[in-house]
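The structure appears right after this line, and notes come after that.
Nothing in this text is a laboratory measurement; each read-out follows from the coordinates by a stated rule. Quantities reported herein were computed from a predicted structural model and do not represent experimental measurements. Cβ sites come from the backbone with ideal geometry, for glycine too, and all protein chains shown count toward neighbours.
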Amino acid sequence: MMGRIACANVLSDLYAMGVTECDNMLMLLSVSQKMNDKERDKVMPLMIQGFRDAAEEGGTSVTGGQTVINPWIIIGGVATVVCQPNDFIMPDSAVPGDVLVLTKPLGTQVAVNAHQWLDNPDKWNKIKLVVSKEEVEQAYQEAMLNMATLNRTAAGLMHTFNAHAATDITGFGILGHARNLAQQQRSDVAFVIHNLPILAKMTAVSKACGSMFGLLQGTSSETSGGLLICLPREQAARFCAEMKSSRLGLGMGAGPEAGAGEGQQAWIIGIVEKGNRCARIIDKPRIIEVLPRGSVSGAQEGSNNNANSTGAPSPADTQGPPLN
């Protein structure tokens, strides 16, 4: 799984520019000096295979790389492609009136940490009143599936629905990457985020931990997160619906464990308005609780208000001008 996630994360740099094909990948691998021979011979081939499997799913292959010895296990890579100008979308053309769409829920850092705390009584005691062990396990599994999912489908749909700019959400969190993207725009714009789709129960866990994660402030790190895309408002709901109906890019191959045929959710999370190339989250954003795949409802707001079938909130939910 770690190999799959690493490969998906690397490929997202291409997908964020609307590039759906990759010519070549290199794998960068660090073997921990703390591992004994048995551990190394068991773990490292699995990581390598996961990376190769995800690359194959992305229509490419790993042709080389580098392996080093380190105190820690590390895996990463490089993805390259030679393409025509119409194969990619420069991330600089957002205009006032666009809307912001996110293609994966937030909260992976919180979910992974909470799962580790199941074996740490001191840490678990901080959150056990707001979440059950079963809910932590479900959130962790959903986080793994999301991180291993390629953003390739969204990259292709960026062309179909005339995306103006995009970035992938990783270490700087949703707000950090939104700010970076806003600063690259040719027009004087500002990004305003009204909705935060978050893995179920991870909002409560984050709150119970005080300022440790910054999930609601948009600063919690993500790994292999979704694409944040600026779309014309008249195209956004159709983009979300197409994502939901697509069977591509699920990151785990075919079969019931992959949730084949379920598609991917996407959410309209904000608007682009005239401004000074900055980004912000409103004081009281709407929290969309994203339930594990296969649940009765795939996404619901903090209480029991269900989001619509496309994963996109209604026009009023953006607290801005109507979307249609």
Under the span-like rule (Cα at least 15 Å along the axis, Kyte-Doolittle mean at least 0.5), DSSP H helices of the chain: 2-15
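Want the number for residue 284 to residue 36: 0.36 nm per residue separation, take away the alpha-carbon distance, what's left? Mind showing how you got there, number by number?
Numbers: separation 248, 0.36 × 248 = 89.28 nm, distance 4.99 nm.
84.3 nm is the gain from fully extending residue 284 to residue 36.
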In whole µm²/s, the translational diffusion coefficient that Stokes-Einstein assigns to segment 1-101, given a Kirkwood hydrodynamic radius over C-alpha pairs, 37 °C and 0.692 mPa s, equals 218 µm²/s
When you count, for each residue, the other Cβ atoms within 10 Å and take the mean per peptide, how do 122-129, 154-161, 206-213 rank with the highest first? 154-161, 206-213, 122-129
Within the chain, helix-based [θ] at 222 nm, where runs of 4 or more DSSP H residues each add -39,500 (n - 2.57), nearest 500: -10000 deg cm²/dmol
Given 0.36 nm per residue, what is the gain on full extension from residue 126 to residue 187 after removing their alpha carbon distance, in nm? 17.4 nm
Which one, (1) 55, 48, 45; (2) 61, 54, 37; (3) 71, 49, 39, gives Cα extents along the principal axes in Å as derived from the coordinates shown? (2)
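For a footprinting-style exposure proxy, rank 7, 240, 22, 278 by other Cβ within 10 Å, fewest first. Don't skip to the end; give the middle numbers.
On the way: 7 31, 240 28, 22 20, 278 13.
The most exposed by this proxy come first: 278, 22, 240, 7.
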Run down the lysines and flag those whose C-alpha is under 16 Å from the C-alpha of residue 284, throwing out any fewer than 8 positions away in its chain. 207
Partner aspartates and glutamates whose C-alpha sits under 16 Å from that of residue 201, ignoring same-chain residues fewer than 8 away, are 134, 135, 137, 142, 289, 301
Cut-off is 10 Å between beta-carbons; in what order do 13, 41, 168 appear when sorted fewest neighbours first? 41, 13, 168
I need the peptides 70-80, 266-276 ranked by packing, meaning the mean over residues of other C-beta atoms within 10 angstrom, with the highest value on top. 266-276, 70-80
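Net charge around residue 154, counting only other residues with Cβ within less than 11 Å of its Cβ (Lys, Arg = +1; Asp, Glu = -1)? Write out the running numbers ahead of the final one.
On the way: positive: 104, 152; negative: 168, 242.
Cβ neighbours under 11 Å give a net charge of 0.
In the neighborhood of residue 81, defined by Cβ-to-Cβ distances under 10 Å, what is the net charge if each Lys or Arg adds +1 and each Asp or Glu adds -1?
Details: positive: none; negative: 21, 23, 87.
After counting each charged neighbour, the total is -3.
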